[in-house]
Amino acid sequence: MQTIRAVDWSSDGVAVRIIDQRRLPGEFVERDLATLDEICDAIRTLAVRGAPAIGVAGAMGMVVALSAFTDEPPARFRERVRSVGATIRATRPTAVNLPWAIDRMLRAAAASTNSPHVIVDALRAEATSIRDEDRAMCERIGMNGLPLLPDGARVLTHCNAGALATAGIGTALAPVYLAAAAGRRIEVFADETRPLLQGSRLTSWELTRAGIPVTVIADNMAASLMRAGRIDLCIVGADRIARNGDVANKVGTYGVAVAAHHHGIPFYVAAPWSTFDPATPHGGAIEIEQRNADEIRCGFGPLTATPEAAVYNPAFDVTPSALITAIVSDRGVHRPPYDFAPTPLPTAAAVA
Ligand code: MRU
């Protein structure tokens with residue numbers, strides 16, 4: 001089973017240790033992030049990426065960034081807690097896991113005593129809980145999604161929603177890992193995922209490492225593979241799930257969902273409860289991150305578009321809930337009509 005640790009404490013506990021995903025699949029390099037700038041830069045540049053992983057990195061990053069200031073007077077330190085949280089929160093706007101984790105950290109700080117040392121200890125405990133809960137949620141997503149993957153299933157996925165995107169075994173890939181561990185023959189088709197190639201660089205790397213057969217395809221192949229009867233189901237991750245079940249995920253997800261719907265192929269989304277955002281009524285209210293044009297013009301070196309041409313580079317798109325067969329979370333398998341109301345939270349029994 002997986003031993004990838006995309007984000008964790010460094011061995012001495014003073015930094016956030018990540019796998020630098022910009023270097024994969026060519027090089028496996030771990031980096032210790034020891035300052036606020038290093039943490040924000042790693043999140044912005046996708047050295048650490050994937051909705052759950054940036055939540056965990058952001059929470060741990062607050063501890064690292066605040067640890068150097070415990071000699072400050074309490075009032076000044078509390079102000080610093082707020083500003084560090086705001087700085088990390090602003091690094092990427094779409095995945096709700098990041099503000100969800102930062103808000104948890106701010107609540108933990110608010111509940112603590114006035115001593116900066118005690119506050120940092122409380123924050124470290126909270127960040128560790130966020131990491132551990134993420135691992136546990138990944139396992140439960142895997143268990144809940146397992147019945148959806150019969151022996152011999154041919155699975156299409158988009159982007160990377162595996163171990164590299166979480167603190168655990170992933171979300172969309174969690175059922176794949178558990179099905180393979182249970183002896184089922186699973187074959188994965190990984191969309192390469194333009195422009196930053198998370199599918200071909202990352203999904204193929206981690207599945208190969210786990211001994212699970214994976215075939216990388218150009219994004220524009222997915223629909224014709226479906227038409228040829230070579231895909232049994234699609235499963236992707238999510239960056240934010242609105243109250244009505246609309247899902248923001250890596251740009252290109254919507255096209256996969258449209259093609260799957262046209263061909264009558266189940267389209268599943270897998271996500272931990274930290275990705276659900278009941279405060280957002282529908283997908284149109286989700287802020288979509290716009291990224292640098294050079295990711296499309298020359299993301300990996302040589303120019304692939306004339307420099308004079310305008311470039312439009314949203315990192316995510318929204319898949320309407322009507323195209324989603326089911327959403328697999330750590331709490332169960334949710335089927336339409338979706339209504340992820342703020343309270344009360346559905347129990348596993350209510351949604352299974
Ligand atoms: O820009 P990225 O690589 O952070 O985008 C990641 C995705 O879109 C994933 O599918 C999503 O975060 C789910 S990860 C479990």
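Worth pointing out:
- Gain in span if fully extended, Ala279 to Asp32, counting 0.36 nm per residue against the direct Cα distance: 85.5 nm
- Global form of the range 132-248, assessed from the alpha-carbon gyration tensor, a/c cut-off 1.5: rounded
- Using bins of 10 Å that start at zero, the share of Cα-Cα pairs per bin across the chain amounts to 6, 26, 34, 23, 9, 2, 0, in whole %.
- From the largest down, the range 148-342 spans 49, 40, 34 angstrom on the principal axes of its Cα atoms.
- Three-way shape call for the range 64-134 based on the alpha-carbon gyration tensor, with the a/c threshold at 1.5: oblate
- Its DSSP H runs of at least 4 residues, each contributing -39,500 (n - 2.57), put the calculated 222 nm mean residue ellipticity of the chain at -11000 deg cm²/dmol, to the nearest 500.
- Sites excluded, chymotrypsin sites (Phe, Trp or Tyr not before Pro) in DSSP loops with at most 14 other C-beta within 10 Å, longest stretch of the chain: 70-299
- With K and R counted +1 and D and E -1, the other residues having a Cβ less than 13 Å from that of Ala163 yield a net charge of 0.
- Residue of His158, His282, His117 that the Gaussian network model of the chain assigns the largest fluctuation, springs spanning Cα pairs under 10 Å: His117
- Positive-end residue of Cys138, Leu46, Leu33, charge dipole of the chain with Cβ unit charges: Cys138
- Antiparallel DSSP beta bridges within the chain, as percent of all bridges there, nearest 5: 50
- A DSSP coil position with no more than 13 other Cβ atoms inside 10 Å describes the following GluC sites (Glu not before Pro) in the range 260-338: Glu287, Glu308.
- Under the Karplus curve 6.51 cos²θ - 1.76 cosθ + 1.60, θ = phi - 60°, whole-Hz ³J(HN,Hα) for the range 267-282, x wherever Gly or Pro sits: 10, 10, 10, 10, 7, x, 4, 5, 9, 7, 10, x, 6, 9, x, 7
- In units of the compact-protein estimate 2.2 N^0.38 Å, the range 169-209 shows a Cα radius of gyration of 1.20.
- Principal axes of the range 275-315: Cα extent on each, largest first, Å: 42, 18, 10
- Calculated log₁₀ intensity ratio I(q)/I(0) where the Debye formula runs over C-alpha points of the range 7-139, q = 0.20 Å⁻¹: -1.12
- Of all DSSP beta bridges in the range 148-342, antiparallel share, percent nearest 5: 35
- Per-residue HN-Hα couplings for the range 154-165 [Karplus 6.51, -1.76, 1.60; θ = phi - 60°; Hz; x = Gly/Pro]: 10, 10, 9, 10, 10, 6, 10, 10, x, 4, 5, 9
Throughout, read-outs are computed from the coordinates displayed, never taken from laboratory work. Here the structure is a predicted model, which is why all the values come from computation and not from measurement. Ideal geometry is used to build each Cβ from the backbone, glycine not excepted, and the neighbour counts take in all protein chains shown.
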